[in-house]
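Structure record follows, encoded as structure tokens.
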Amino acid sequence: MLFLGGILLAVFVLPSPWGLVAVVVGGVLDILESLGLLWWSKRRRVETGANALVGKTAIVANPTQVRIVGELWQARAKRPLVPGEEVVVRAVEGLTLFVDDR
């Protein structure tokens, strides 16, 4: 976008040597911005799969299921689960979440 701004300035506003400077500076700033955004987007690992749910809070839907991130999952706990309470996912085995109190 800055490169385009430099071109427009060079064509319509600035005199001969400064137009070239505006285009070069705009191009360099555009490249630096792109590299900065690329670095920023890769600064942490992506969490995917069921293992990304460990440590997240879930709402008990019924005594054997919890709702987390809009999905129902089978759940097990050391004590009976009460619908509506919040629990924390501690482990995942297959498609079953092991939960307990906060």
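Which one, Val21, Val66, Val82, has the greatest fluctuation when you compute a Gaussian network model over the chain with C-alpha springs under 10 angstrom?
Evaluated over the chain, the most mobile residue of the options is Val21.
At 0.692 mPa s and 37 °C, plugging the Kirkwood radius over alpha-carbon pairs of region 2-41 into Stokes-Einstein gives what diffusion coefficient in µm²/s?
It comes out at roughly 318 µm²/s.
In degrees, nearest 10, range 0 to 90: what is the angle between the Cα axis of helix 16-41 and the longest Cα principal axis of the chain?
Roughly 10 degrees between the two axes.
Which entry in (i) 138; (ii) 113; (iii) 102 is this structure's computed volume of the Cα convex hull per residue in Å³?
The value computed from this structure is option (i).
Which three semi-axes in whole Å describe the equivalent ellipsoid of region 50-100, each the square root of 5 times a Cα gyration tensor eigenvalue, listed largest first?
Sorted largest first and rounded, they come to 14, 11, 10 Å.
A short reminder: the numbers here are calculations on the coordinates, not readings from a lab. Just so it is clear, the model here is predicted, and its values are computed rather than measured.
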